[in-house]
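The values are calculated or read from the model by the stated rules, or taken from the named source; none is laboratory data. Predicted, not measured: the structure shown is a model, and the values here were computed from it. Heads up, the Cβs are rebuilt from the backbone with ideal geometry, glycines too, and the neighbour counts pull from every protein chain shown. Protein only, heavy atoms only, side chains kept; ligands, DNA and RNA dropped before computing areas. Shrake-Rupley method; radii C 1.70, N 1.55, O 1.52, S 1.80 Å.
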Amino acid sequence: MAHDLNSRLTYPNTPSNINYLYDPALNKGTAFTREERDALGLWGLLPPGINTMSEQVLRAMGNYRRKTSDLEKYIFLAALQDRNQTLYYRVLADYLEEMMPIIYTPTVGLACQEYVHIFRRPKGIFVSSRNKGKFSRILKNWPNKDVRVIVITDGERILGLGDLGVAGMGIPVGKLSLYTACAGIHPSWCLPVTIDVGTNNVKLQNDPLYFGMRHDRIRGEAYDSLIEEFIMAVQDNFHHTLIQFEDFGNINAFRLLGRYRNRVCTFNDDIQGTASVALAGMYAAMRMIGGKLVDQKILFLGAGEAGTGIGDLIVKAMMDEGLSQEEARERCWFTDSKGLIVKSRQKLAAHKVPYAHEFEYQADFLDAVKALKPTAVVGVSGQAKAFSQPVLEEMARCNERPLVFALSNPTANAECTALEAYAWTDGRAVFASGSPFEPVNLRGVTYEPGQGNNAYIFPGVGLGVIASRAKHVTDEMFMTASRVLAGEVSQEDFERGSIYPPLVKIREVSIKIAAAVAEVAFDQGLAGVPRPDDLRDFIQSHVYEPNYQSYV
Ligand SMILES: NC(=O)C1=CN([C@@H]2O[C@H](COP(=O)(O)OP(=O)(O)OC[C@H]3O[C@@H](n4cnc5c(N)ncnc54)[C@H](OP(=O)(O)O)[C@@H]3O)[C@@H](O)[C@H]2O)C=CC1
Ligand SMILES: CC(=O)C(=O)O
Ligand SMILES: [Mg+2]
């Protein structure tokens, strides 16, 4: 008997009637039609009335808005995704602006911090040090065989929140929701992965509810061999799968990008996606206030993945505009936790070395601003409030329109708020932030700053790469994405104070980015399919719309 029960519980090749209700990819809930209820044997398992999807959206939104905290809203949406995937993506598509701060930064950060306490059902694949040698077999446990994009984290640098171990899984899950919501990548093509190599977060290790590996982080060769095993397991199991590295610590991120970028189809979102969205912001800012990229002097607070990633792409973009590499690097300055990066500093990490200029060392950021008089400050340090009133006042003193990008996430880690950026620069700052801020009203003027977040980039780049079956992801693709994104910012956006298009346009923008990225793949000889006559139609043919399929 027990055997019979177990075999019934095993997922059959042909879904049984109950699978149509309990498999989120199949479920339509009260929207199953009469004909489907007849054909699938669903009468009696549902209330007799039949709802349209619009009615279901209305119900979902009512329930969502009744939740009194953002974390509760997150849990509601996660449960909806587990229950009825199509409806989940429909409400995201219809209410993206309202839901983005819940499924993504800032609330996803809180959800990761609370992950082991709010956990209901697993999403994605977990591989750990315990499974060494078995990664390929584990990937075979994933029910979808046609996986086109993986977002993987090892949980070491989750937003600006540090090491969250296996609880970092909320990030790949959230990023892949955006792949579908913002670029229409089919949900069944998406696989979130956490590689659990331990955690150095003592609080988590001591939390009785923690369900990750309770040892310190594996480092060195042992770590590298786990990553290598995973990359090879992906090649064994799937074909043409894009692997996005997300929120790895920089102790590993740069090395892994260097090792894999020309071997498989991969990119690091924090290094390259962030670079692309920041460069787009710079291009758009130049359109907004006039001026040339090559005339900017940019001072970064933070010289890690995001910071030097942005620096490296801006250098490439300045070289495109005629500067030598050396001249371009001289326009980018960095401070890290030890102060201004200058030639005299000893033992700099490799990613910082190109930006160690001959200059007097400054320990303090304000002193660095005073000494260098930058046209732009870019915050990618995870340090809340580091763009203090004196810093912003100094920027406003030296610049008619200072560029102030507070890109650190989540909101509580932003280098300054939107209100601070405008208030301390007499409303003259060109401001963007990694996490969203409410519109600011200052002396009768309303500012609606844009979100300088890689979410504007990775879905479109991913779609272009997937559709063209590109072998590798190149810097030219990210630069192209920056140009397309900047070109989508309208005069109306500038007038409300934004250097990014509104989120309601993100799907349309992502599709344009995808077409341009695919074009680069064809031009660079990296595409794995023949060049289509109409790239736009070709991309569109890969786009999933969250509508119910008919089962009869
Ligand atoms: N808006 C967006 O799209 C994105 C935003 N981010 C955000 O950027 C932040 C950093 O991410 P990432 O670059 O990957 O992280 P890293 O850990 O790679 O880099 C952080 C950098 O900040 C520096 N830093 C730390 N404390 C201070 C301080 N007190 N003063 C000056 N610098 C300091 C570190 O210095 P040191 O080198 O000395 O340790 C390091 O250079 C995070 O908050 C993340 O959420 C990241 C990716 C995308
Ligand atoms: C947005 C993002 O990727 C980060 O903050 O890490
Ligand atoms: Mg990230």
Got a number for residues in the range 329-342 being under 21 Å from CYS398 (Cα atoms) and surrounded by 19 or more Cβ atoms within 10 Å (Cβ to Cβ)?
-> 6
Filtering the range 76-95 for residues that are assigned to a loop (DSSP other than H, G, I, E, B) and more than 17 Å from TYR179 (Cα to Cα) leaves a count of 1
Among the listed residues ALA275, ALA285, ALA280, which satisfies the condition of being under 25 Å from the mean Cα position of the chain (by Cα), within 16 Å of ligand 3 (Cβ to nearest atom) and not hydroxyl-bearing (Ser, Thr, Tyr)?
-> ALA275
Spot the failing condition for SER490; the list is (1) open to solvent by less than 20 Å² (accessible area, probe 1.4 Å); (2) more than 22 Å from TYR104 (Cα to Cα); (3) small (Gly, Ala, Ser), and only one is missed.
-> (1)
Hey, can you tell me all the residues within the range 283-303 that are in a loop (DSSP other than H, G, I, E, B), open to solvent by less than 50 Å² (accessible area, probe 1.4 Å) and more than 30 Å from VAL166 (Cβ to Cβ)?
-> GLY290, GLN296
Report yes if ARG121 is away from ligand 2 (no atom under 16 Å from the Cβ), in a helix (DSSP H, G or I) and among the charged types (D, E, K, R), otherwise no.
-> no
Qualifying positions in the range 143-187 - away from ligand 1 (no atom under 16 Å from the Cβ), more than 23 Å from ALA470 (Cβ to Cβ) and open to solvent by 10 Å² or more (accessible area, probe 1.4 Å) = PRO143, VAL173
Only listed residue being touching a Pro at 6+ places or on another chain (Cβ under 7 Å), hydroxyl-bearing (Ser, Thr, Tyr) and within 17 Å of GLN85 (Cα to Cα), chosen from THR180, THR107, THR153 = THR180
Log entry, pairs with first residue in the range 385-401 being without any contact (Cβ under 8 Å) to a residue 12 or more places away in the chain and on the phi > 0 side of the Ramachandran plot, second being among the charged types (D, E, K, R) and open to solvent by 40 Å² or more (accessible area, probe 1.4 Å), beta carbons closer than 9 Å, six or more apart or on different chains, reads none
Can you tell me how many residues in the range 1-40 are in a helix (DSSP H, G or I) and either among the aromatic types (Phe, Trp, Tyr) or modelled with pLDDT under 60 (or both)?
-> 10
Hey, among the residues in the range 258-282 that are more than 16 Å from ligand 1 (Cβ to nearest atom) and out of contact with any strand residue (DSSP E or B) (no Cβ under 6 Å at 6 or more places or on another chain), which one's least open to solvent (accessible area, probe 1.4 Å)?
-> VAL264
Quick check, is GLY184 within 16 Å of ligand 2 (Cβ to nearest atom) and closer than 30 Å to MET99 by Cα?
-> no
Consider GLY464 carefully, then state whether it is open to solvent by less than 40 Å² (accessible area, probe 1.4 Å) and of a type outside the set (Phe, Trp, Tyr).
-> yes
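Yes or no, residue by residue, for (1) β-branched (Val, Ile, Thr); (2) in a helix (DSSP H, G or I):
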| position | (1), (2) |
| --- | --- |
| SER177 | no, yes |
| TYR210 | no, no |
| MET232 | no, yes |
| GLN244 | no, no |
| ILE251 | yes, yes |
| VAL264 | yes, no |
| ALA275 | no, yes |
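Results for (1) more than 25 Å from GLY281 (Cα to Cα); (2) within 16 Å of ligand 1 (Cβ to nearest atom), shown as yes or no for each residue.
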residue: LEU485; (1), (2): no, yes
residue: GLU488; (1), (2): no, no
residue: TYR500; (1), (2): no, yes
residue: GLU508; (1), (2): no, no
residue: ASP533; (1), (2): yes, no
residue: TYR548; (1), (2): yes, no
Between a first residue in the range 175-199 that is modelled with pLDDT under 95 and a second residue that is of a type in the set (Gly, Ala, Ser), which pairs have beta carbons less than 9 Å apart while being 6 or more apart in sequence or on different chains?
-> none
Quick check: is even one residue across the range 53-70 within 30 Å of ALA222 (Cα to Cα), aromatic (Phe, Trp, Tyr) and buried (at least 17 other Cβ atoms within 10 Å of the Cβ)?
-> no
Would you kindly identify the helices (runs of 4 or more DSSP H) lying entirely within the range 455-497 that contain at least 2 residues that are more than 25 Å from ASP320 (Cα to Cα)?
-> 458-468, 491-495
Those residues that are touching a Ser or Thr at 6+ places or on another chain (Cβ under 7 Å) and either aliphatic (A, V, I, L, M) or surrounded by fewer than 24 Cβ atoms within 10 Å (Cβ to Cβ) (or both), I need them from the range 304-327; list them, please.
-> ALA306, ILE310, LEU313
Pairs with Cβ under 7 Å, 6+ apart, first in the range 231-249 and among the small types (Gly, Ala, Ser), second away from ligand 1 (no atom under 16 Å from the Cβ) | ALA233/PHE135; ALA233/SER136; ALA233/LEU139
Meets criteria (within 24 Å of VAL166 (Cβ to Cβ), more than 16 Å from ligand 2 (Cβ to nearest atom) and either of a type in the set (D, E, K, R) or in a helix (DSSP H, G or I) (or both)) for LEU71 | yes
Keeping to the range 355-372, report how many residues are out of contact with any Ser or Thr (no Cβ under 8 Å at 6 or more places or on another chain) and more than 12 Å from ligand 1 (Cβ to nearest atom).
-> 10
Give the residue that is nearest to PRO546 (Cα to Cα), with candidates limited to residues of the range 81-95 that are buried (at least 20 other Cβ atoms within 10 Å of the Cβ) and among the aliphatic types (A, V, I, L, M).
-> LEU87
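Listed here are the residues, each with its yes/no results for (1) under 21 Å from the mean Cα position of the chain (by Cα); (2) open to solvent by 10 Å² or more (accessible area, probe 1.4 Å); (3) within 16 Å of ligand 3 (Cβ to nearest atom); (4) under 30 Å from GLY258 (Cβ atoms).
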residue	(1), (2), (3), (4)
ARG428	no, yes, no, no
PRO439	no, yes, no, no
GLY460	yes, no, no, yes
ALA470	yes, no, no, yes
THR474	yes, yes, no, yes
Residues in the range 360-380 that are touching a Cys at 6+ places or on another chain (Cβ under 9 Å) and open to solvent by less than 70 Å² (accessible area, probe 1.4 Å) total 4
